[in-house]
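A.B. asks: Starting off with a structure, shown below.
The values are calculated or read from the model by the stated rules, or taken from the named source; none is laboratory data. Since this is a predicted model, take the numbers as computed values, not measurements. Cβ placement follows ideal geometry from the backbone for every residue including glycine, while neighbour counts extend to all protein chains displayed. Just the protein is used for accessible areas: all its heavy atoms, side chains included, with ligands, DNA and RNA removed. Shrake-Rupley method; radii C 1.70, N 1.55, O 1.52, S 1.80 Å.
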Amino acid sequence: MKQYVVNEIFWSPQGEGMRAGQMSVFIRFTGCNLRCRMEQAEDSPGGFDCDTEFASGRKLTAKEIVDEAILLVGKRNDWYQINSAWTVFSGGEPALQVDVDLVQAFHEAGFLCAIETNGSKCVDNLGLDWITVSPKVAEHAIRQLTADEVKYVRGHGQAIPKPACKAKHQLISPAFDGWSIDSRAVEWCLSLIKENPEWRLSMQQHKAWNVR
Ligand code: SF4
């Protein structure tokens, strides 16, 4: 039976993007095909250091992952009955592991499925309900060309993006200094948005809320 390597599973409000505030079970997959850091390189967009630990993990089947998600949400409680139960595949880079079987297993359990991907791999055929592309490679290397939202981290001085991925919502997220807001980055992003009204601001609100 196929196993996926999962770094952690937790239930928390979505902290960023158009779905911010929506409770979601996060499945963080082990492994990433990039190494984002301040310097620009083939495997790094430059401008920020990745603060995500994605090296460790445990092997789980699709059923074991779904069972953990159900346990976290508590399938019989009122919350589950009156809300859409969302799961968010993140990482690392979830597109390296998420497949149709896993999405189907979550759908059968009554979950909607979102993915947060760096866009380097196409996820069109997985049957997902929400796609967030947060590009971390040069636009010509983007393989996921449509999305519900695109989200770019921007540090002070970085230009407005020219996304290859066409999305319903375009978001700029100011770079954080660890868990602290970088006010220069926020000011810079606001100045970009004033000049480019098709973009909107997305903050990493979970850091302000001090939740994961
Ligand atoms: S793509 Fe995401 S997880 Fe991978 S190195 Fe970059 S910021 Fe970290």
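A.B. asks: Any residue that is open to solvent by 50 Å² or more (accessible area, probe 1.4 Å) and within 11 Å of the ligand (Cβ to nearest atom) - is there at least one of those in segment 53-62?
C.D. replies: Scanning segment 53-62, I find at least one residue that is open to solvent by 50 Å² or more (accessible area, probe 1.4 Å) and within 11 Å of the ligand (Cβ to nearest atom), so the answer is yes.
A.B. asks: L71 is checked against (1) open to solvent by 20 Å² or more (accessible area, probe 1.4 Å); (2) outside any strand (DSSP E or B); (3) within 16 Å of the ligand (Cβ to nearest atom) and fails just one. What number does that condition carry?
C.D. replies: Here L71 meets the rest and fails (3).
A.B. asks: Could you please tell me which pairs satisfy a Cβ distance under 9 Å, a separation of 6+ or placement on different chains, a first residue in segment 93-115 that is at positive phi, and a second residue that is charged (D, E, K, R)?
C.D. replies: G110/K75
A.B. asks: Further question on the same structure: When only residues in segment 102-129 that are open to solvent by 40 Å² or more (accessible area, probe 1.4 Å) and either within 14 Å of the ligand (Cβ to nearest atom) or of a type in the set (F, W, Y) (or both) count, which is nearest to the chain's Cα centre (by Cα)?
C.D. replies: E116
A.B. asks: Could you tell me how many of the residues in segment 197-207 are open to solvent by less than 80 Å² (accessible area, probe 1.4 Å) and either assigned to a helix (DSSP H, G or I) or not hydroxyl-bearing (S, T, Y) (or both)?
C.D. replies: 7
A.B. asks: While we're here: Which residue is farthest from H140 (Cα to Cα), if the candidates are limited to segment 27-50 and must be near the ligand (Cβ under 8 Å from one of its atoms) and within 14 Å of the chain's Cα centre (by Cα)?
C.D. replies: C50
A.B. asks: Also, quick follow-up: Scan segment 24-51 for residues that are surrounded by 17 or more Cβ atoms within 10 Å (Cβ to Cβ) and not aromatic (F, W, Y) and jot them down.
C.D. replies: Once the filter is applied, which keeps residues that are surrounded by 17 or more Cβ atoms within 10 Å (Cβ to Cβ) and not aromatic (F, W, Y), segment 24-51 yields S24, V25, I27, R28, T30, C32, L34, C36, S44, P45, G47.
A.B. asks: Can you find, within segment 82-101, the residue that is least open to solvent (accessible area, probe 1.4 Å) among those that are in a loop (DSSP other than H, G, I, E, B), more than 10 Å from the ligand (Cβ to nearest atom) and within 27 Å of L34 (Cβ to Cβ)?
C.D. replies: Among residues in segment 82-101 that are in a loop (DSSP other than H, G, I, E, B), more than 10 Å from the ligand (Cβ to nearest atom) and within 27 Å of L34 (Cβ to Cβ), the one least open to solvent (accessible area, probe 1.4 Å) is V98.
A.B. asks: Going by what's in this entry, would E16 be described as in a loop (DSSP other than H, G, I, E, B), at pLDDT 90 or above and either open to solvent by less than 40 Å² (accessible area, probe 1.4 Å) or away from the ligand (no atom under 13 Å from the Cβ) (or both)?
C.D. replies: Considered against the rule, which asks whether it is in a loop (DSSP other than H, G, I, E, B), at pLDDT 90 or above and either open to solvent by less than 40 Å² (accessible area, probe 1.4 Å) or away from the ligand (no atom under 13 Å from the Cβ) (or both), E16 comes out as yes.
A.B. asks: Shifting gears a bit: Assuming L34 fulfils every condition listed in (1) without any contact (Cβ under 8 Å) to a residue 60 or more places away in the chain; (2) farther than 22 Å from W130 by Cα apart from one, which condition is it?
C.D. replies: Every listed condition holds for L34 apart from (1).
A.B. asks: If you take the residues in segment 140-167 that are in a strand (DSSP E or B) and free of Cβ contacts under 8 Å to residues at least 40 places away in the same chain, which one is most open to solvent (accessible area, probe 1.4 Å)? Don't jump to the end; show me each part of the working.
C.D. replies: So in segment 140-167, the residues in a strand (DSSP E or B) come out as 146-154, 166-167.
Filter once more, so that each one left must be free of Cβ contacts under 8 Å to residues at least 40 places away in the same chain: 146-147, 150, 152, 166-167.
On the way: T146: 73, A147: 15, V150: 0, Y152: 9, K166: 135, A167: 28 Å².
Step by step, filter segment 140-167, then rank; the result is K166.
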